[in-house]
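J.: What follows is a single structure, and I will ask about it in a moment.
What follows is calculated from the coordinates using simple rules that are stated; it is not laboratory data. Predicted, not measured: the structure shown is a model, and the values here were computed from it. Virtual Cβ from ideal backbone geometry, glycine too; neighbours counted across all protein chains shown.
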Amino acid sequence: MSVIDLIKSRRNIKAFKPDPIDEQALMSWLEAASYAPNHRFNEPWELLRVGPETRAKLKHKSDFWGAPVVIALLSKPGATPLERDENVMAAACFAQNLMLAAHEAGVGTFWSSVGSSAQNREVLGVAEGYEVIGVFGIGYPAEIPEAKPRTPIAEKIKTLP
Ligand SMILES: Cc1cc2nc3c(=O)[nH]c(=O)nc-3n(C[C@H](O)[C@H](O)[C@H](O)COP(=O)(O)O)c2cc1C
């Protein structure tokens with residue numbers, strides 16, 4: 001699939017099959033994701049493999065829609081508010097890379113913001129200053145929703161003199 005087709009066909013998956021994800025494949029998607037742009041090459045992403053006990057404590061309403069793998073993505077603290085924002089931006093690029101790499105292999109991802117609550121930060125053991133970019137369910141999709149139509153991009157473009 002072309003990059004454009006991959007980007008356009010990726011969906012936030014809300015129904016997974018229980019089939020396991022190959023560990024080497026997962027590592028290869030994470031490694032590919034680490035080629036995300038990042039300012040001053042500070043590689044601000046950190047990952048938590050969420051095991052069953054921790055997963056249950058997160059109390060996600062649908063338990064990540066049955067995804068066999070759950071991973072939390074964090075961004076490191078910054079010395080300034082700008083650096084913190086840039087770390088979040090770079091980690092979000094990591095997230096998109098990860099989702100696209102998995103999607104290319106026919107594996108779906110679900111992005112949840114469940115990790116941002118104070119309670120779940122504690123469950124995940126997130127240190128102060130770190131941001132939880134998302135908690136991702138990863139697995140083979142049981143259902144793929146239709147794409148939500150996007151606003152024509154021309155409406156989002158302002159041309160400056
Ligand atoms: C920062 C961020 C947080 C998100 N948190 C959630 C969430 O908590 N629950 C959820 O169902 N989807 C969440 N999503 C996924 C969006 O709902 C989803 O991407 C959007 O509906 C567009 O659908 P698509 O990704 O299939 O194109 C999140 C996406 C982003 C970028």
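J.: Can you give me the number of residues within region 1-47 that are assigned to a loop (DSSP other than H, G, I, E, B), in contact with a Phe, Trp or Tyr (Cβ under 6 Å, 6 or more places away or on another chain) and within 16 Å of the ligand (Cβ to nearest atom)?
T.: Residues meeting the conditions: 4.
J.: Pairs needed: first member in region 128-141, within 14 Å of the ligand (Cβ to nearest atom); second member anywhere, assigned to a strand (DSSP E or B) and among the aromatic types (Phe, Trp, Tyr); C-beta distance under 7 Å; at least 6 residues apart or different chains.
T.: 134/111; 136/110; 136/111; 137/16; 137/110; 141/16
J.: Taking into account only those residues within region 105-125 that are more than 9 Å from the ligand (Cβ to nearest atom) and assigned to a loop (DSSP other than H, G, I, E, B), which is farthest from residue 14 (Cα to Cα)?
T.: By that ranking, first place goes to 125.
J.: Moving to a separate point now. Would it be correct to say that residue 128 is among the charged types (D, E, K, R) and in a loop (DSSP other than H, G, I, E, B)?
T.: Here the answer is yes, as residue 128 does meet what is asked.
J.: Quick check on residue 69: is it closer than 27 Å to residue 142 by Cα, surrounded by 15 or more Cβ atoms within 10 Å (Cβ to Cβ) and within 15 Å of the ligand (Cβ to nearest atom)?
T.: Against the criterion (closer than 27 Å to residue 142 by Cα, surrounded by 15 or more Cβ atoms within 10 Å (Cβ to Cβ) and within 15 Å of the ligand (Cβ to nearest atom)), residue 69 does not qualify.
J.: Which count do you get for residues in region 31-51 that are within 19 Å of residue 126 (Cβ to Cβ), within 13 Å of the chain's Cα centre (by Cα) and aliphatic (A, V, I, L, M)?
T.: 2
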